[in-house]
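The structure under discussion appears below in the form of structure tokens.
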Amino acid sequence: MPAVAASEIERVFRAEYGRAVAVLIRVFGDIDVAEDAVQDAFAAAAQRWPADGLPSSPAGWIITTARHRAIDRLRREATREDRQAQAALLQANREPAEEGAVRDDRLRLMFTCCHPALAVQAQIPLTLRLLGGLTTAEIARAFLVPEATMAQRLVRAKGKIRDARIPYRVPNEADLPARIRSVLAVVYLIFNEGYAASSGARLVRDDLCDEAIGLGRLLADLLPDEPEVVGLLALMLLVEARRATRTTPEGDLVSLADQDRARWDRALIREGQALVRDCLRIGQPGPYQIQAAINAVHCDAATAVATDWWQILQLYNQLMALAPSPVVALNRAVAVAEVEGPDAALSLVDGLNLGRYHLFHAIRADLLRRLGRNADAAGAYEAAIAGTENVAERDYLRGKLQSVAGPR
């Protein structure tokens, strides 16, 4: 069998970590046991696969190995009258059958982590950690908080699940709508991390994009009458349609204005735009639906100069009324620059408190460049470069810096 490179093992880890953890939590009813077992299984894979080759079913190999490792560990601990270990072994022997509204382990885990007994600020990070396999550092960057702060949130959330004995089970049909907001936020953040990875050499993490869209489709099947569920799926599909054009074959970032629109995935655009029309017919606008509509306008334009920025600005005005935030205001400023000019947009950007967010500095730098303030633009580009750990973004921003400051 051919040897397996470390990069391939990492790819399997990214693609299968969340699914494996979700399955092991169902089997053992214990988050820590599941996480430790899956980590052990991937450690074993890193030792064996380079010599033995990739198994025919890498996901199955990981889950089976993790299950065996967990059972062995729990048996050792159970002999010391560890009641928690005994309970986990009993749970594993029972193996509850699939039932209820949520029939997918990943969705079941998402709804469990979004239990109302957990603090809202902990629900989403915990699910990203367990389901998305994101590191604490990646989650911290997504929430614009220090890594130590996020680590404490995750520890507290796990402790709350353990101490409050929050069950890993399917929510009742009546409980689903109340839990859906946090679940949608989780899917959205997983997709965002895939769309523009917070660190690493690649701009896009295909595995996370695919995972988020798959979860979005499951949610849409589960709750087809929830307009924000449909809106989020539409948003992801319309953004995903541009994936192939967002980087060069060498991995360099390509801006939206410079992308080859003839290569956009028209099937995904048609599907996404049809879902946007479904949302419009329902007539209950929400943040995800509006963001989907914004992306539908972008996809309607055959060229960048043909983009209907006035319509996009009106949609951002509606989004600010429904879900105001500094990040939404920053994105709105981009539309303002196209409709009213960069000077009007810069005054809005300078009023925002987003100093730790690298895209704030990147957008500000672009506005300053357009106004001919190259020295100020260079400083803003340097701040943006310092704020990102993604190599593709950093290289792109360095190119922009050179355009206003010359070679360094």
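The values are calculated or read from the model by the stated rules, or taken from the named source; none is laboratory data. This one's a predicted model, so the numbers in the text were calculated from it and none came from an experiment. Here the Cβ positions follow ideal geometry from the backbone for every residue, glycine too, while neighbour counts run over all protein chains shown. All accessible areas refer to the heavy atoms of the entire protein, side chains included, with ligands and DNA or RNA removed. Shrake-Rupley method; radii C 1.70, N 1.55, O 1.52, S 1.80 Å.
For region 105-126 versus region 365-398, the inter-centroid distance based on Cα atoms is 37 Å.
Note on Arg398 and Ala262: their simple-model spin labels are 3.2 nm apart, each label 7 Å out from Cα toward Cβ. Candidates Leu126, Leu346, Gly272 compared by Cα position along the dipole of the chain: farthest toward the positive end lies Leu126, with charges placed on Cβ. Would you work out what percent of the accessible area of the chain, with all protein chains in place, is carbon or sulfur (probe 1.4 Å)? Here it works out to 50 percent.
Rounded to the nearest 20 debye, the dipole size of region 155-256 about its Cα centre is 560 debye, using +1 on the Cβ of Lys and Arg and -1 on the Cβ of Asp and Glu.
The order of the peptides 139-151, 206-218, 29-41, 255-267 by mean Cβ neighbours within 10 Å, most packed first, is 29-41, 206-218, 139-151, 255-267. Dipole size of region 252-336 about its Cα centre, with +1 on Lys/Arg Cβ and -1 on Asp/Glu Cβ: approximately 240 debye, rounded to the nearest 20. Calculated mean residue ellipticity at 222 nm for the chain: -23000 deg cm²/dmol, from DSSP H runs with n ≥ 4 weighted as -39500 (n - 2.57), summed, divided by the residue count and rounded to 500. What angle, in degrees between 0 and 90 and rounded to the nearest 10, separates the Cα long axis of helix 83-94 from the longest principal axis of the Cα atoms of the chain? Compared with the principal axis, the helix lies near 90 degrees. Distance between the C-alpha centres of region 128-163 and region 279-314: 33 Å, rounded to the whole angstrom. For the set Ser7, Ser198, solvent exposure ranked by accessible area (probe 1.4 Å, protein chains only) runs largest to smallest as Ser7, Ser198. Which shape class applies to the chain: rounded if a/c is under 1.5, otherwise prolate when a/b exceeds b/c and oblate if not, where a ≥ b ≥ c are the square roots of the Cα gyration tensor eigenvalues? Verdict is prolate for the chain.
So if each residue of separation counts as 0.36 nm, and I subtract the Cα-Cα distance between Val145 and Glu340, what length gain in nm does that give?
Gain on stretching Val145 to Glu340: 66.9 nm.
Evaluated with a Cβ-only charge set (Lys, Arg +1; Asp, Glu -1), the chain carries a dipole of roughly 580 debye about its Cα centre, given to the nearest 20. Of the options Val187, Ala43, Gly231, report the single residue whose Cα projects farthest towards the positive end of the charge dipole of the chain (beta-carbon charges: Lys, Arg +1; Asp, Glu -1). Of the options given, the answer is Ala43.
With the simple spin-label model, which puts each label point 7 Å out from Cα in the Cβ direction, the Ala375 to Gln47 separation comes to 6.1 nm. Toward the positive end of the charge dipole of the chain, with +1 on the Cβ of Lys and Arg and -1 on the Cβ of Asp and Glu, the farthest Cα among Gly372, Ser325, Ala212 is that of Ser325. Mean sequence separation of contacting Cα pairs (under 8 Å, at least six apart), scaled by the length of the chain, corresponds to a relative contact order of 11 percent. Label positions at Ala117 and Ala178, each projected 7 Å from the Cα along the C-beta direction, are separated by 1.4 nm.
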